[in-house]
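Peer 1: Before I ask anything, here is the structure I am working with.
The values are calculated or read from the model by the stated rules, or taken from the named source; none is laboratory data. Keep in mind that what you see is a predicted model, and the values were worked out from it rather than measured. Note that we place each Cβ from the backbone using ideal geometry, even for glycine, and neighbour counts take in every protein chain shown. To get the accessible areas, we keep the full protein, side chains included, count just its heavy atoms, and leave off ligands, DNA and RNA. Shrake-Rupley method; radii C 1.70, N 1.55, O 1.52, S 1.80 Å.
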Amino acid sequence: MAVDLLLGLQWGDEGKGKIVDVLTSNYNIIARFQGGPNAGHTLVFNGMKHVLHTIPSGIFHEDAANLVGNGVVIDPVIFKKELDKLEDQNVDYRKSLIISRKAHLILPTHRLLDAASEASKGKAKIGSTLKGIGPTYMDKTGRNGIRVGDIELENWKEKYRALANKHEAMIDFYNVDIQYDLEELELEFFQAIETLKSLKFIDSEEYIFQAQKEGKSILAEGAQGSLLDIDFGTYPYVTSSNTTAAGACTGLGVAPNKIGEVFGIFKAYTTRVGSGPFPTELFDEDGETMGRVGHEFGATTGRSRRCGWLDLVALKYACQINGVTQLMMMKADVLSGFKSLKVCTAYKYKGKTITHLPFNIEAENISPVYTDFKGWKEDLTEMEEASQLPQELNAYIAFLEKELETPIKLVSVGPDRKQTIFK
Ligand code: IMP
(Lines give C-alpha, C1' and ligand atoms only; values in the text may rest on other atoms or scores of the structure.)
Protein backbone atom coordinates (compact mmCIF):
# COMPACT_ATOMS: atom_id res chain seq x y z
CA MET A 1 0.00 0.00 0.00
CA ALA A 2 1.19 3.52 -0.79
CA VAL A 3 2.56 5.77 1.94
CA ASP A 4 0.80 9.14 2.33
CA LEU A 5 2.78 12.23 3.32
CA LEU A 6 1.75 15.18 5.39
CA LEU A 7 4.01 18.21 4.98
CA GLY A 8 4.16 21.85 6.05
CA LEU A 9 4.42 24.14 3.02
CA GLN A 10 5.62 27.35 4.70
CA TRP A 11 8.16 28.10 7.44
CA GLY A 12 6.78 25.52 9.86
CA ASP A 13 4.07 25.91 12.52
CA GLU A 14 1.32 25.30 9.95
CA GLY A 15 -0.63 22.98 12.26
CA LYS A 16 0.64 19.59 11.14
CA GLY A 17 0.17 18.03 14.59
CA LYS A 18 -3.55 18.80 14.64
CA ILE A 19 -4.12 17.31 11.18
CA VAL A 20 -2.09 14.15 11.84
CA ASP A 21 -4.20 13.66 14.95
CA VAL A 22 -7.39 14.23 12.93
CA LEU A 23 -6.28 11.78 10.21
CA THR A 24 -4.77 9.08 12.45
CA SER A 25 -7.96 7.00 12.61
CA ASN A 26 -7.46 6.33 8.85
CA TYR A 27 -3.94 4.91 9.33
CA ASN A 28 -2.22 1.93 10.94
CA ILE A 29 1.16 3.63 11.28
CA ILE A 30 2.21 7.25 11.84
CA ALA A 31 5.91 7.86 11.14
CA ARG A 32 8.10 10.90 11.75
CA PHE A 33 10.91 11.06 9.18
CA GLN A 34 13.09 14.11 9.91
CA GLY A 35 13.81 16.89 12.36
CA GLY A 36 13.82 16.46 16.09
CA PRO A 37 12.86 18.40 19.19
CA ASN A 38 13.07 21.69 17.28
CA ALA A 39 9.50 20.79 16.27
CA GLY A 40 6.49 21.52 18.44
CA HIS A 41 3.36 19.77 17.24
CA THR A 42 0.30 21.00 19.10
CA LEU A 43 -2.85 18.90 19.51
CA VAL A 44 -6.04 20.03 21.26
CA PHE A 45 -8.88 17.72 22.21
CA ASN A 46 -11.25 17.20 25.13
CA GLY A 47 -10.30 20.65 26.41
CA MET A 48 -6.61 19.70 26.78
CA LYS A 49 -3.58 20.99 24.86
CA HIS A 50 -0.67 18.62 24.15
CA VAL A 51 2.67 19.57 22.59
CA LEU A 52 4.81 16.85 21.03
CA HIS A 53 8.40 17.42 19.92
CA THR A 54 9.81 14.11 18.70
CA ILE A 55 7.00 11.63 19.29
CA PRO A 56 4.63 11.22 16.31
CA SER A 57 1.25 12.92 16.60
CA GLY A 58 -0.69 9.64 16.38
CA ILE A 59 0.32 8.68 19.92
CA PHE A 60 -3.07 9.51 21.46
CA HIS A 61 -4.83 6.89 19.32
CA GLU A 62 -4.63 3.42 20.83
CA ASP A 63 -4.67 1.49 17.58
CA ALA A 64 -1.92 3.31 15.66
CA ALA A 65 1.76 2.38 15.73
CA ASN A 66 4.01 5.45 16.07
CA LEU A 67 7.42 5.22 14.47
CA VAL A 68 10.36 7.57 14.99
CA GLY A 69 12.19 7.04 11.70
CA ASN A 70 15.88 6.90 10.82
CA GLY A 71 15.88 10.50 9.55
CA VAL A 72 14.90 11.89 12.95
CA VAL A 73 17.40 13.14 15.53
CA ILE A 74 16.51 12.29 19.13
CA ASP A 75 17.50 14.12 22.28
CA PRO A 76 17.01 11.44 24.96
CA VAL A 77 16.50 14.10 27.66
CA ILE A 78 13.67 15.84 25.83
CA PHE A 79 12.29 12.48 24.72
CA LYS A 80 12.11 11.32 28.33
CA LYS A 81 10.25 14.50 29.30
CA GLU A 82 7.72 13.83 26.54
CA LEU A 83 7.26 10.27 27.78
CA ASP A 84 6.79 11.49 31.37
CA LYS A 85 4.02 13.83 30.22
CA LEU A 86 2.31 11.02 28.34
CA GLU A 87 2.54 8.85 31.43
CA ASP A 88 0.93 11.62 33.52
CA GLN A 89 -1.95 11.54 31.07
CA ASN A 90 -2.19 7.74 31.25
CA VAL A 91 -1.24 7.31 27.60
CA ASP A 92 0.00 3.77 27.13
CA TYR A 93 2.84 4.46 24.68
CA ARG A 94 4.86 1.28 25.33
CA LYS A 95 2.84 -0.82 22.94
CA SER A 96 2.69 1.67 20.11
CA LEU A 97 5.94 3.65 20.14
CA ILE A 98 8.82 2.23 18.10
CA ILE A 99 12.17 3.76 17.26
CA SER A 100 14.52 3.24 14.35
CA ARG A 101 17.97 1.97 15.31
CA LYS A 102 19.35 4.26 12.63
CA ALA A 103 18.00 7.49 14.15
CA HIS A 104 20.85 9.71 15.41
CA LEU A 105 21.21 10.91 18.98
CA ILE A 106 21.57 14.53 20.05
CA LEU A 107 24.27 14.67 22.72
CA PRO A 108 24.48 17.40 25.40
CA THR A 109 27.54 18.77 23.58
CA HIS A 110 25.55 19.07 20.34
CA ARG A 111 23.26 21.51 22.13
CA LEU A 112 26.27 23.43 23.46
CA LEU A 113 27.82 23.55 20.00
CA ASP A 114 24.57 24.92 18.61
CA ALA A 115 24.65 27.70 21.21
CA ALA A 116 28.35 28.44 20.53
CA SER A 117 27.82 28.54 16.77
CA GLU A 118 24.84 30.89 17.07
CA ALA A 119 26.65 33.16 19.55
CA SER A 120 29.63 33.39 17.19
CA LYS A 121 27.41 34.52 14.30
CA GLY A 122 26.24 37.70 16.04
CA LYS A 123 23.63 39.51 13.95
CA ALA A 124 23.80 36.83 11.24
CA LYS A 125 22.47 34.16 13.59
CA ILE A 126 19.97 31.65 12.17
CA GLY A 127 17.58 32.00 15.09
CA SER A 128 17.97 28.30 15.83
CA THR A 129 15.82 26.65 18.48
CA LEU A 130 19.21 25.66 20.02
CA LYS A 131 18.18 22.03 20.38
CA GLY A 132 21.40 20.79 18.80
CA ILE A 133 19.79 19.94 15.47
CA GLY A 134 22.45 21.41 13.15
CA PRO A 135 25.49 19.92 14.95
CA THR A 136 23.82 16.49 15.14
CA TYR A 137 23.06 16.39 11.41
CA MET A 138 26.63 17.64 10.79
CA ASP A 139 27.97 14.65 12.69
CA LYS A 140 25.60 12.39 10.75
CA THR A 141 26.84 13.57 7.35
CA GLY A 142 30.41 13.78 8.69
CA ARG A 143 30.03 10.09 9.64
CA ASN A 144 30.78 10.69 13.30
CA GLY A 145 27.30 10.41 14.78
CA ILE A 146 25.97 8.08 17.45
CA ARG A 147 22.82 6.20 16.55
CA VAL A 148 20.09 4.61 18.65
CA GLY A 149 21.38 1.16 17.67
CA ASP A 150 24.81 2.05 19.07
CA ILE A 151 23.51 2.23 22.62
CA GLU A 152 22.74 -1.48 22.44
CA LEU A 153 26.46 -2.14 21.93
CA GLU A 154 28.94 -2.56 24.75
CA ASN A 155 31.59 -0.06 23.74
CA TRP A 156 29.32 2.83 22.84
CA LYS A 157 30.39 4.97 25.80
CA GLU A 158 33.95 5.07 24.43
CA LYS A 159 32.59 6.38 21.16
CA TYR A 160 30.50 8.85 23.11
CA ARG A 161 33.50 10.11 25.10
CA ALA A 162 35.65 10.60 22.02
CA LEU A 163 32.91 12.58 20.30
CA ALA A 164 32.09 14.69 23.39
CA ASN A 165 35.80 15.50 23.84
CA LYS A 166 36.00 16.61 20.23
CA HIS A 167 32.92 18.77 20.72
CA GLU A 168 34.45 20.41 23.78
CA ALA A 169 37.52 21.35 21.76
CA MET A 170 35.23 22.77 19.07
CA ILE A 171 33.29 24.79 21.66
CA ASP A 172 36.61 26.28 22.88
CA PHE A 173 37.51 27.12 19.30
CA TYR A 174 34.38 29.29 18.94
CA ASN A 175 35.79 31.41 21.76
CA VAL A 176 32.40 32.61 22.99
CA ASP A 177 31.07 32.79 26.52
CA ILE A 178 29.12 29.54 26.98
CA GLN A 179 28.75 28.42 30.60
CA TYR A 180 28.09 24.74 31.19
CA ASP A 181 28.55 21.87 33.58
CA LEU A 182 29.04 18.84 31.36
CA GLU A 183 29.04 16.39 34.27
CA GLU A 184 25.58 17.50 35.27
CA LEU A 185 24.33 17.41 31.69
CA GLU A 186 25.75 13.94 31.23
CA LEU A 187 24.11 12.64 34.37
CA GLU A 188 20.71 13.66 32.98
CA PHE A 189 21.65 12.33 29.52
CA PHE A 190 22.68 8.86 30.68
CA GLN A 191 19.58 8.54 32.87
CA ALA A 192 17.46 9.42 29.84
CA ILE A 193 19.38 6.86 27.76
CA GLU A 194 18.22 4.16 30.19
CA THR A 195 14.60 5.26 29.65
CA LEU A 196 15.13 5.22 25.90
CA LYS A 197 16.56 1.69 26.16
CA SER A 198 13.31 0.49 27.75
CA LEU A 199 11.50 1.23 24.46
CA LYS A 200 11.31 -0.92 21.37
CA PHE A 201 14.11 -0.35 18.83
CA ILE A 202 13.58 -1.73 15.34
CA ASP A 203 15.15 -1.98 11.89
CA SER A 204 12.58 0.47 10.66
CA GLU A 205 13.10 0.30 6.90
CA GLU A 206 12.32 -3.44 7.02
CA TYR A 207 9.31 -2.72 9.24
CA ILE A 208 8.01 -0.13 6.78
CA PHE A 209 8.64 -2.47 3.85
CA GLN A 210 6.76 -5.38 5.44
CA ALA A 211 3.94 -3.08 6.56
CA GLN A 212 3.47 -1.94 2.98
CA LYS A 213 3.46 -5.53 1.78
CA GLU A 214 0.82 -6.43 4.35
CA GLY A 215 -1.39 -3.59 3.09
CA LYS A 216 -1.04 -1.44 6.22
CA SER A 217 -1.76 2.24 5.79
CA ILE A 218 1.09 4.59 6.66
CA LEU A 219 1.13 8.36 7.15
CA ALA A 220 4.53 10.05 7.17
CA GLU A 221 4.46 13.15 9.38
CA GLY A 222 6.75 15.98 8.35
CA ALA A 223 8.22 18.53 10.73
CA GLN A 224 9.11 22.19 10.07
CA GLY A 225 8.13 23.40 6.57
CA SER A 226 9.30 23.37 2.96
CA LEU A 227 10.84 26.85 3.19
CA LEU A 228 13.08 25.58 6.00
CA ASP A 229 14.34 22.65 3.87
CA ILE A 230 18.15 22.41 3.82
CA ASP A 231 18.22 22.31 -0.01
CA PHE A 232 15.11 24.20 -1.11
CA GLY A 233 14.48 26.57 1.79
CA THR A 234 15.73 30.11 2.39
CA TYR A 235 19.33 29.00 3.02
CA PRO A 236 21.17 29.56 5.33
CA TYR A 237 18.11 30.46 7.41
CA VAL A 238 16.81 26.90 7.35
CA THR A 239 16.91 23.77 9.45
CA SER A 240 19.38 20.96 8.74
CA SER A 241 17.13 18.29 7.23
CA ASN A 242 15.03 17.73 4.11
CA THR A 243 11.58 18.79 5.21
CA THR A 244 10.17 18.15 1.73
CA ALA A 245 8.67 14.96 0.24
CA ALA A 246 12.06 13.47 -0.65
CA GLY A 247 12.93 13.54 3.07
CA ALA A 248 10.24 10.93 3.70
CA CYS A 249 12.00 8.55 1.27
CA THR A 250 15.40 8.91 2.93
CA GLY A 251 14.05 9.35 6.45
CA LEU A 252 11.99 6.17 6.43
CA GLY A 253 13.23 4.07 3.55
CA VAL A 254 10.12 4.52 1.42
CA ALA A 255 10.73 4.13 -2.31
CA PRO A 256 9.63 7.18 -4.36
CA ASN A 257 7.16 5.11 -6.39
CA LYS A 258 5.42 4.07 -3.16
CA ILE A 259 4.29 7.59 -2.24
CA GLY A 260 0.52 8.06 -2.46
CA GLU A 261 -1.27 11.24 -1.40
CA VAL A 262 0.81 14.27 -0.45
CA PHE A 263 -1.15 16.46 1.96
CA GLY A 264 0.18 20.01 1.98
CA ILE A 265 -0.65 22.06 5.07
CA PHE A 266 -0.57 25.85 4.99
CA LYS A 267 -1.88 28.71 7.07
CA ALA A 268 -4.37 31.14 5.50
CA TYR A 269 -1.63 33.74 6.09
CA THR A 270 2.12 33.30 6.69
CA THR A 271 4.31 33.14 9.80
CA ARG A 272 7.99 32.66 10.43
CA VAL A 273 9.97 32.25 13.65
CA GLY A 274 13.70 32.94 13.73
CA SER A 275 15.78 34.96 11.28
CA GLY A 276 15.68 35.06 7.49
CA PRO A 277 13.86 36.66 4.59
CA PHE A 278 10.06 36.94 4.60
CA PRO A 279 8.81 39.02 1.66
CA THR A 280 5.19 39.45 2.83
CA GLU A 281 6.03 40.21 6.47
CA LEU A 282 3.83 42.87 8.08
CA PHE A 283 5.08 45.42 10.57
CA ASP A 284 1.69 47.11 11.05
CA GLU A 285 -1.56 46.60 12.91
CA ASP A 286 -2.65 43.80 10.56
CA GLY A 287 0.47 41.78 11.42
CA GLU A 288 -0.03 42.49 15.10
CA THR A 289 -3.69 41.33 14.86
CA MET A 290 -2.67 38.05 13.16
CA GLY A 291 -0.12 37.38 15.90
CA ARG A 292 -2.54 38.19 18.71
CA VAL A 293 -5.64 36.42 17.37
CA GLY A 294 -3.61 33.48 16.05
CA HIS A 295 -1.61 33.10 19.32
CA GLU A 296 1.52 33.12 17.20
CA PHE A 297 4.13 32.03 19.71
CA GLY A 298 6.55 29.14 19.11
CA ALA A 299 5.40 25.85 20.69
CA THR A 300 9.05 24.93 21.39
CA THR A 301 10.72 28.23 22.25
CA GLY A 302 7.80 30.56 23.10
CA ARG A 303 9.25 33.18 20.73
CA SER A 304 6.80 35.51 18.92
CA ARG A 305 6.28 34.50 15.32
CA ARG A 306 6.60 37.08 12.59
CA CYS A 307 3.33 37.40 10.63
CA GLY A 308 2.41 38.43 7.08
CA TRP A 309 0.07 37.90 4.13
CA LEU A 310 -0.13 34.66 2.23
CA ASP A 311 2.73 34.29 -0.27
CA LEU A 312 1.43 32.36 -3.26
CA VAL A 313 4.76 32.45 -5.09
CA ALA A 314 6.37 30.56 -2.21
CA LEU A 315 3.35 28.29 -1.76
CA LYS A 316 3.32 27.33 -5.44
CA TYR A 317 7.03 26.52 -5.20
CA ALA A 318 6.36 24.26 -2.19
CA CYS A 319 3.49 22.50 -4.03
CA GLN A 320 5.78 21.83 -6.98
CA ILE A 321 8.75 20.54 -4.97
CA ASN A 322 6.54 18.22 -2.95
CA GLY A 323 4.05 17.09 -5.59
CA VAL A 324 1.17 18.10 -3.32
CA THR A 325 -2.09 16.33 -4.23
CA GLN A 326 -4.40 17.89 -1.61
CA LEU A 327 -4.19 21.13 0.32
CA MET A 328 -5.34 21.82 3.85
CA MET A 329 -5.82 25.41 4.94
CA MET A 330 -5.25 26.17 8.60
CA LYS A 331 -6.27 29.07 10.85
CA ALA A 332 -8.88 30.51 8.47
CA ASP A 333 -10.68 31.74 11.62
CA VAL A 334 -7.80 34.12 12.42
CA LEU A 335 -8.61 36.20 9.31
CA SER A 336 -12.23 36.93 10.38
CA GLY A 337 -12.74 40.66 10.87
CA PHE A 338 -10.10 41.90 8.39
CA LYS A 339 -11.79 44.41 6.05
CA SER A 340 -9.60 43.32 3.18
CA LEU A 341 -6.97 40.64 2.65
CA LYS A 342 -3.93 40.53 0.42
CA VAL A 343 -2.29 37.61 -1.35
CA CYS A 344 1.16 37.95 -2.91
CA THR A 345 0.89 36.61 -6.47
CA ALA A 346 4.24 37.78 -7.90
CA TYR A 347 7.52 39.43 -6.91
CA LYS A 348 9.15 42.52 -8.34
CA TYR A 349 12.72 41.32 -8.75
CA LYS A 350 15.52 43.35 -10.37
CA GLY A 351 12.98 45.49 -12.28
CA LYS A 352 11.02 42.48 -13.54
CA THR A 353 7.81 40.81 -12.34
CA ILE A 354 8.44 37.15 -11.65
CA THR A 355 6.25 34.33 -10.36
CA HIS A 356 8.89 31.87 -9.20
CA LEU A 357 11.11 31.82 -6.12
CA PRO A 358 14.54 33.15 -7.12
CA PHE A 359 17.91 32.32 -5.51
CA ASN A 360 17.73 35.24 -3.13
CA ILE A 361 14.52 36.58 -1.60
CA GLU A 362 16.09 39.09 0.81
CA ALA A 363 14.03 42.30 1.16
CA GLU A 364 16.53 44.37 -0.85
CA ASN A 365 15.90 42.18 -3.92
CA ILE A 366 12.20 41.47 -3.68
CA SER A 367 8.99 43.43 -3.31
CA PRO A 368 5.69 41.55 -3.29
CA VAL A 369 2.91 42.22 -5.82
CA TYR A 370 -0.47 41.82 -4.14
CA THR A 371 -4.02 40.93 -5.19
CA ASP A 372 -6.71 42.24 -2.83
CA PHE A 373 -9.67 40.29 -1.48
CA LYS A 374 -12.74 41.31 0.47
CA GLY A 375 -12.62 40.10 4.07
CA TRP A 376 -15.46 38.53 6.09
CA LYS A 377 -16.87 39.38 9.50
CA GLU A 378 -18.32 36.01 10.54
CA ASP A 379 -16.76 34.06 13.38
CA LEU A 380 -15.82 30.67 11.88
CA THR A 381 -14.92 28.85 15.06
CA GLU A 382 -18.36 27.28 15.63
CA MET A 383 -18.91 26.32 11.98
CA GLU A 384 -19.11 22.61 11.19
CA GLU A 385 -19.84 22.37 7.48
CA ALA A 386 -18.45 23.82 4.27
CA SER A 387 -21.90 25.22 3.41
CA GLN A 388 -21.64 27.58 6.40
CA LEU A 389 -18.42 29.26 5.25
CA PRO A 390 -18.83 32.93 4.23
CA GLN A 391 -18.92 33.76 0.56
CA GLU A 392 -15.76 35.92 0.79
CA LEU A 393 -13.79 33.03 2.26
CA ASN A 394 -15.07 30.76 -0.51
CA ALA A 395 -13.85 33.30 -3.06
CA TYR A 396 -10.42 33.38 -1.33
CA ILE A 397 -10.27 29.56 -1.37
CA ALA A 398 -11.40 29.31 -5.01
CA PHE A 399 -8.66 31.76 -6.06
CA LEU A 400 -5.97 29.76 -4.23
CA GLU A 401 -7.17 26.47 -5.69
CA LYS A 402 -7.07 27.91 -9.20
CA GLU A 403 -3.60 29.43 -8.77
CA LEU A 404 -2.15 26.35 -7.07
CA GLU A 405 -3.98 23.92 -9.36
CA THR A 406 -4.69 21.78 -6.31
CA PRO A 407 -7.91 21.30 -4.32
CA ILE A 408 -8.22 22.58 -0.74
CA LYS A 409 -9.89 19.61 0.94
CA LEU A 410 -9.89 20.78 4.53
CA VAL A 411 -10.32 24.12 6.28
CA SER A 412 -9.35 24.41 9.93
CA VAL A 413 -11.35 26.95 11.97
CA GLY A 414 -9.77 26.54 15.41
CA PRO A 415 -7.18 24.52 17.31
CA ASP A 416 -9.50 21.76 18.49
CA ARG A 417 -9.83 18.44 16.67
CA LYS A 418 -13.51 19.24 16.24
CA GLN A 419 -12.93 22.59 14.55
CA THR A 420 -12.18 20.98 11.20
CA ILE A 421 -14.28 21.33 8.05
CA PHE A 422 -13.87 18.80 5.25
CA LYS A 423 -14.77 20.11 1.82
P1 IMP B 1 17.01 24.70 14.13
O2 IMP B 1 16.48 23.66 13.24
O3 IMP B 1 16.50 24.60 15.54
O4 IMP B 1 18.48 24.88 14.10
O5 IMP B 1 16.42 26.12 13.61
C6 IMP B 1 16.72 26.61 12.31
C7 IMP B 1 15.61 27.55 11.85
O8 IMP B 1 14.43 26.80 11.67
C9 IMP B 1 15.25 28.65 12.85
O10 IMP B 1 14.83 29.80 12.14
C11 IMP B 1 14.08 28.07 13.61
O12 IMP B 1 13.25 29.07 14.16
C13 IMP B 1 13.39 27.30 12.51
N14 IMP B 1 12.64 26.15 13.01
C15 IMP B 1 13.15 24.97 13.40
N16 IMP B 1 12.16 24.14 13.77
C17 IMP B 1 11.03 24.81 13.59
C18 IMP B 1 9.65 24.45 13.76
O19 IMP B 1 9.30 23.34 14.13
N20 IMP B 1 8.76 25.43 13.45
C21 IMP B 1 9.12 26.65 12.98
N22 IMP B 1 10.38 27.00 12.79
C23 IMP B 1 11.32 26.10 13.10
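This table checks each residue for (1) under 15 Å from Gln326 (Cα atoms); (2) modelled with pLDDT under 95; (3) open to solvent by 10 Å² or more (accessible area, probe 1.4 Å).
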| residue | (1), (2), (3) |
| --- | --- |
| Val3 | yes, no, no |
| Gly8 | yes, no, no |
| Gly17 | no, yes, no |
| Asp21 | no, yes, no |
| Ile30 | no, no, no |
| Phe45 | no, yes, yes |
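Peer 1: Could you list, in sequence order, all residues of region 268-282 that are in contact with a Gly (Cβ under 9 Å, 6 or more places away or on another chain), outside any strand (DSSP E or B) and either at negative phi or away from the ligand (no atom under 16 Å from the Cβ) (or both)?
Peer 2: Of everything in region 268-282, those that are in contact with a Gly (Cβ under 9 Å, 6 or more places away or on another chain), outside any strand (DSSP E or B) and either at negative phi or away from the ligand (no atom under 16 Å from the Cβ) (or both) turn out to be Tyr269, Val273, Ser275, Phe278, Pro279, Thr280, Leu282.
Peer 1: Also: Can you find a residue in region 147-168 that is closer than 29 Å to Ile230 by Cα and not in a helix (DSSP H, G or I)?
Peer 2: Within region 147-168 (the criterion being closer than 29 Å to Ile230 by Cα and not in a helix (DSSP H, G or I)), the answer is yes, since at least one residue qualifies.
Peer 1: For a quick check of your reading of the model, give me the residue pairs whose first member lies in region 333-348 and is within 13 Å of Thr289 (Cβ to Cβ), whose second is open to solvent by less than 10 Å² (accessible area, probe 1.4 Å) and assigned to a helix (DSSP H, G or I), with beta-carbon atoms closer than 7 Å and at least 6 apart or on different chains.
Peer 2: So the pair list comes out as Val334/Met290; Leu341/Leu335; Leu341/Tyr396.
Peer 1: Restricting attention to region 111-124, does a residue exist that is open to solvent by 10 Å² or more (accessible area, probe 1.4 Å) and not in a helix (DSSP H, G or I)?
Peer 2: Among the residues of region 111-124, not one is open to solvent by 10 Å² or more (accessible area, probe 1.4 Å) and not in a helix (DSSP H, G or I), which makes the answer no.
Peer 1: Give me the residue from region 228-258 that is of a type in the set (A, V, I, L, M, F, W, C), away from the ligand (no atom under 16 Å from the Cβ) and not in a helix (DSSP H, G or I) and, out of that set, surrounded by the most Cβ atoms within 10 Å (Cβ to Cβ).
Peer 2: The qualifying residue surrounded by the most Cβ atoms within 10 Å (Cβ to Cβ) is Val254.
Peer 1: Scan region 204-227 residue by residue and report those that are touching a residue at least 60 places away in the same chain (Cβ under 8 Å), in a helix (DSSP H, G or I) and open to solvent by 10 Å² or more (accessible area, probe 1.4 Å).
Peer 2: Glu205, Tyr207, Gln212
Peer 1: OK, next. Could you tell me which of the residues Glu296, Glu285 is within 12 Å of the ligand (Cβ to nearest atom) and of a type in the set (Asp, Glu)?
Peer 2: On inspection, the qualifying residue turns out to be Glu296.
Peer 1: Taking region 243-271 as the region of interest, how many residues are among the polar types (S, T, N, Q) and in contact with a helix residue (DSSP H, G or I) (Cβ under 7 Å, 6 or more places away or on another chain)?
Peer 2: Matching residues across region 243-271 total 2.
Peer 1: Moving to a separate point now. Assuming Lys81 fulfils every condition listed in (1) without any contact (Cβ under 8 Å) to a residue 12 or more places away in the chain; (2) closer than 28 Å to Cys307 by Cβ; (3) of a type in the set (Lys, Arg) apart from one, which condition is it?
Peer 2: So the condition that Lys81 fails would be (2).
Peer 1: Continuing with this model, one more query. Thr371 - would you say it is open to solvent by 40 Å² or more (accessible area, probe 1.4 Å), over 21 Å from the mean Cα position of the chain (by Cα), within 24 Å of Gly287 (Cα to Cα) and among the hydroxyl-bearing types (Ser, Thr, Tyr)?
Peer 2: yes
Peer 1: Another one. Please identify the pairs in which a residue from region 12-24 that is within 14 Å of the ligand (Cβ to nearest atom) has its Cβ atom under 7 Å from the Cβ atom of a residue that is open to solvent by 10 Å² or more (accessible area, probe 1.4 Å) and in a helix (DSSP H, G or I), counting only partners at least 6 apart or on another chain.
Peer 2: The qualifying pairs are Gly12/Leu228.
Peer 1: What number of residues within region 270-294 are without any contact (Cβ under 8 Å) to a residue 60 or more places away in the chain and crowded, with 20+ Cβ neighbours inside 10 Å?
Peer 2: Matching residues across region 270-294 total 2.
Peer 1: Among the strands (runs of 3 or more DSSP E) lying completely within region 25-85, list those that include at least 1 residues that are closer than 19 Å to Trp11 by Cα.
Peer 2: Because the criterion is at least 1 residues that are closer than 19 Å to Trp11 by Cα, the strands (runs of 3 or more DSSP E) in region 25-85 that meet it are 29-32, 41-45, 48-52.
Peer 1: A follow-up question, please. For residues that are without any contact (Cβ under 8 Å) to a residue 40 or more places away in the chain and among the basic types (Lys, Arg), scanning just region 112-126, find the one that is farthest from Thr141 (Cα to Cα).
Peer 2: Lys123
Peer 1: Let me ask another. How many residues, within region 295-325, are in a loop (DSSP other than H, G, I, E, B) and either open to solvent by 10 Å² or more (accessible area, probe 1.4 Å) or not acidic (Asp, Glu) (or both)?
Peer 2: Residues that pass the stated criteria total 12.
Peer 1: So Asp88 passes all but one of these: (1) in contact with a helix residue (DSSP H, G or I) (Cβ under 8 Å, 6 or more places away or on another chain); (2) open to solvent by 10 Å² or more (accessible area, probe 1.4 Å). Which condition number does it fail?
Peer 2: So Asp88 meets the others, but not (1).
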